[in-house]
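**Q** Below you will find the structure I want to go over with you.
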Amino acid sequence: MNGGLRARLGAIRSSYWFIPSIMAVLAIMLGALMIWVDVRLGSGWITGLSWYQQIRADGAREVLSTIAGSMVTVAGVVFSITIVALSYASSQYGPRVLTNFMSDRGNTVTLGTFIATFLYCLMVLRTIRGGDDDFVPQYAVIVAMLLAVCSIGVLIYFIHHVPQSIHINAVVARIGVQLVRDAKARFPAMIGSGGGRHSRQRAPRDGDTPLTVPAAATGYIQSIDDESLLGLAREADVLIRLRYRPGDFVMDGRGLLVVAPAEHWTDERTSDLQDCFTVGNKRTPEHDLMFLVSELVEIAARALSPGVNDPMTAVTCLDWLGAGGTEFATRQMPEAVRYDEDGAPRLIAEPDSFAFFVDRGFGRLRQYASADVIAALHWLRVVGEVAASCRTADQIGVLQSEAALFREQAEASLDGPDAREVNERAEALQALLARGVGSIDAAQTGWLGGSAQEGR
């Protein structure tokens, strides 16, 4: 399946209206099915049940009308509550987290349940006839009452779910879990010490005459169909070098990628090349891991602002950034150069790397965390825990550089006892990092690892 098509299908599946629409269609089909069952089987079996009183035409209309009207009212209330929750989350945690709320299955299934019950009742209600041509779909009415009972259960669940879904720990955990899960799914586990050549340094075929292919739209790159790019490069016998990665903002007409040699390329292939990029008006987490990192950074930065002053939320975000950093440290990152089946270089794309993650995560939080003693001490602790999972000297070098910058920032932001405590912890972290790969362990110091060993 084309990468752009996959991205569009993913956007549809994560939209707020997708699940309710599917449930509405199923409700209409269920209504038609139950009417058919009533026509085929009749209601003679009910006559023999002493404990069940057969419903008449007027009673059936009243029951179904009551259920339908109630469902519409409750659906409006549910939608209003959802909007209020979205407004609160946007103002407290940042507008980027709205993507998570809009795709929340609890909210969409709740709204879909009430809409589906309403439509089912309408489908059944139109078939009820009184008088000489009497017809009361007994089976269908029973199912409508069962759906009403289920709807009450869903309403109770929704009332419990909304406060939970907007709780800060739940918001951060949802983002962090997705970050860790996607990192595991996208990158294989590192075997041994990792490392290997840095393929970008090879600069294959740099002597060829390049051709710059412009972007066809303005917006954020949501996905890149690398398999199609590889196929086009092989077909034309060219090397394609990407200038952007998922999550970057590109402008119409700006150089999107470079093709070499230019004489092997034709204008007819340009549109096919541009179609390999899905461009939208917002970033999405499906192909953009750094979007999840940016969400955690945004929440932590807001929490550490003077107007909010909530360092414990920042601590929670740092914990999940540490979990993501550990995954990046223990995963084999893809090389920049992609080769075809014959071993010829066809595609150069700078992949996500450990250094890139550290810069977008810990680096972007440096100025905020360094100004708060609680966040600063935890920042240093989390970096130390990530360092314990590093497999290469380059990874340790990245953390050493970041720790040095953080120490410098903290010295300028803090003073008094707080400055001395953070400086001592930063110095201890730098000494720990100096041990190198495989020599960093939580057992070596009381402030690294679990709190049970602090103060020993």
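**Q** How many residues, within region 290-312, are in a helix (DSSP H, G or I) and among the acidic types (Asp, Glu)?
**A** 2
Residue by residue, here is whether (1) in the same structural domain as Leu429 (by TED's automatic domain parsing); (2) surrounded by fewer than 22 Cβ atoms within 10 Å (Cβ to Cβ) holds:
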residue	(1), (2)
Asp319	yes, yes
Glu327	yes, no
Thr330	yes, yes
Gly343	no, yes
Arg360	yes, yes
Gln367	yes, yes
Asp372	yes, no
Val383	yes, no
Val386	yes, no
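**Q** For region 258-266, does any single residue satisfy the condition of being in contact with a strand residue (DSSP E or B) (Cβ under 8 Å, 6 or more places away or on another chain), assigned to a helix (DSSP H, G or I) and free of Cβ contacts under 8 Å to residues at least 60 places away in the same chain?
**A** Yes, the conditions are met somewhere in region 258-266.
For (1) surrounded by 17 or more Cβ atoms within 10 Å (Cβ to Cβ); (2) closer than 25 Å to Phe354 by Cβ, each residue gets a yes or a no:
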{"residue": "Gln409", "(1), (2)": "yes, yes"}
{"residue": "Arg420", "(1), (2)": "no, no"}
{"residue": "Arg435", "(1), (2)": "no, yes"}
{"residue": "Ser439", "(1), (2)": "no, yes"}
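**Q** Can you run down the residue pairs with Cβ atoms below 6 Å, 6 or more apart or on separate chains, where the first is in region 391-408 and under 13 Å from Leu429 (Cα atoms) and in contact (Cβ under 8 Å) with a residue 60 or more places away in the chain and the partner is among the charged types (D, E, K, R) and part of a helix (DSSP H, G or I)?
**A** none
**Q** Does any residue in region 129-140 that is closer than 7 Å to Asp38 by Cβ come within less than 8 Å, Cβ to Cβ, of a residue that is at pLDDT below 80 and outside any helix (DSSP H, G or I) six or more places away or on a different chain, and which pairs are these?
**A** Gln138/Ser43; Gln138/Gln54; Gln138/Ile55; Tyr139/Ser43
**Q** Which one is surrounded by the fewest Cβ atoms within 10 Å (Cβ to Cβ), of the residues in region 345-358 that are within 21 Å of Met290 (Cβ to Cβ) and touching a strand residue (DSSP E or B) at 6+ places or on another chain (Cβ under 9 Å)?
**A** It comes out as Glu350.
**Q** Here is a further query. Looking at Leu292, Leu232, can you tell me which residue is crowded, with 20+ Cβ neighbours inside 10 Å, among the hydrophobic types (A, V, I, L, M, F, W, C) and not assigned by TED's automatic domain parsing to the domain that holds Thr212? Step through it out loud before you land on a result.
**A** Details: Leu232 fails: not assigned by TED's automatic domain parsing to the domain that holds Thr212.
Result of the check over Leu292, Leu232: Leu292.
**Q** Find the residue count for region 128-147, including only residues that are small (Gly, Ala, Ser), outside any loop (DSSP other than H, G, I, E, B) and surrounded by fewer than 19 Cβ atoms within 10 Å (Cβ to Cβ). Talk me through it step by step, then tell me what you get.
**A** We begin by selecting, within region 128-147, every residue small (Gly, Ala, Ser); these are 130-131, 140, 144.
Those still in the list that are outside any loop (DSSP other than H, G, I, E, B) too: 131, 140, 144.
Add one more test, that the residue is surrounded by fewer than 19 Cβ atoms within 10 Å (Cβ to Cβ), and what stays is 131.
The number of residues fulfilling the criteria is 1.
**Q** Please go through (1) out of contact with any Cys (no Cβ under 9 Å at 6 or more places or on another chain); (2) under 30 Å from Asp288 (Cα atoms); (3) aliphatic (A, V, I, L, M) for Ala116 and return the number of the only condition it doesn't satisfy.
**A** Here Ala116 meets the rest and fails (2).
**Q** Is it true that some residue in region 152-172 is under 30 Å from Asp38 (Cβ atoms), of a type outside the set (Val, Ile, Thr), in the same structural domain as Ser87 (by TED's automatic domain parsing) and modelled with pLDDT of 85 or more?
**A** Checking region 152-172: at least one residue is under 30 Å from Asp38 (Cβ atoms), of a type outside the set (Val, Ile, Thr), in the same structural domain as Ser87 (by TED's automatic domain parsing) and modelled with pLDDT of 85 or more.
**Q** With a cut-off of at least 2 residues that are surrounded by 15 or more Cβ atoms within 10 Å (Cβ to Cβ) and at pLDDT below 90, name the helices (runs of 4 or more DSSP H) lying wholly within region 13-127. It would help to see each step written out before you state the result.
**A** Working: elements: 18-41, 44-47, 57-93, 98-102, 105-125.
The qualifying helices (runs of 4 or more DSSP H) are 18-41, 57-93, 98-102, 105-125.
**Q** Of the conditions (1) touching a helix residue (DSSP H, G or I) at 6+ places or on another chain (Cβ under 6 Å); (2) under 26 Å from Gln367 (Cα atoms); (3) not in a loop (DSSP other than H, G, I, E, B), Arg283 fails just one. Which one is it?
**A** Answer for Arg283: the failing condition is (3).
**Q** If you don't mind, there's one more thing I want to ask. Within region 265-289, how many residues turn out to be surrounded by fewer than 15 Cβ atoms within 10 Å (Cβ to Cβ), at pLDDT 85 or above and among the hydroxyl-bearing types (Ser, Thr, Tyr)?
**A** 1
**Q** Are any residues in region 173-195 of a type in the set (A, V, I, L, M), surrounded by 13 or more Cβ atoms within 10 Å (Cβ to Cβ) and either modelled with pLDDT of 85 or more or assigned by TED's automatic domain parsing to the domain that holds Leu122 (or both), and if so, which ones?
**A** Of everything in region 173-195, those that are of a type in the set (A, V, I, L, M), surrounded by 13 or more Cβ atoms within 10 Å (Cβ to Cβ) and either modelled with pLDDT of 85 or more or assigned by TED's automatic domain parsing to the domain that holds Leu122 (or both) turn out to be Ala173, Ile175, Val177, Leu179, Val180, Ala183.
**Q** Looking at (1) within 30 Å of Ser353 (Cβ to Cβ); (2) in contact (Cβ under 8 Å) with a residue 24 or more places away in the chain, which one does Ile115 not meet, given that it meets all the others?
**A** Of (1) within 30 Å of Ser353 (Cβ to Cβ); (2) in contact (Cβ under 8 Å) with a residue 24 or more places away in the chain, only one is false for Ile115: (1).
**Q** Let me ask something additional. When residues of region 238-257 are filtered for being free of Cβ contacts under 8 Å to residues at least 40 places away in the same chain and either touching a Gly at 6+ places or on another chain (Cβ under 8 Å) or exposed (fewer than 15 other Cβ atoms within 10 Å of the Cβ) (or both), how many remain? Give the steps one after another, and end with the answer.
**A** Taking region 238-257 first, the residues free of Cβ contacts under 8 Å to residues at least 40 places away in the same chain are 243-244, 248-253.
Next, from what is left, pick out any that are either touching a Gly at 6+ places or on another chain (Cβ under 8 Å) or exposed (fewer than 15 other Cβ atoms within 10 Å of the Cβ) (or both): 243, 248-253.
Matching residues across region 238-257 total 7.
**Q** Still on this structure: Only one of (1) touching a residue at least 60 places away in the same chain (Cβ under 8 Å); (2) within 27 Å of the chain's Cα centre (by Cα); (3) within 15 Å of Leu347 (Cβ to Cβ) fails for Tyr220. Which number is that?
**A** All conditions are met except number (3).
**Q** Tell me, please, whether a residue that is not charged (D, E, K, R) and not in a helix (DSSP H, G or I) can be found in region 159-175. Lay out the reasoning, then the answer.
**A** Just the residues of region 159-175 that are not charged (D, E, K, R), to begin with: 159-173, 175.
Right, trim to not in a helix (DSSP H, G or I) and you get 166-167.
The answer is yes, given that some residue of region 159-175 is not charged (D, E, K, R) and not in a helix (DSSP H, G or I).
**Q** Filter region 298-356 down to residues that are among the polar types (S, T, N, Q) and under 22 Å from the mean Cα position of the chain (by Cα) and give me whichever is farthest from Gln92 (Cα to Cα).
**A** Only one residue tops the list, namely Gln332.
The values are calculated or read from the model by the stated rules, or taken from the named source; none is laboratory data. The structure presented is a predicted model; accordingly, all values stated were derived computationally and were not measured. Neighbour counts run over all protein chains shown; Cβ positions are idealised from the backbone, glycine included.
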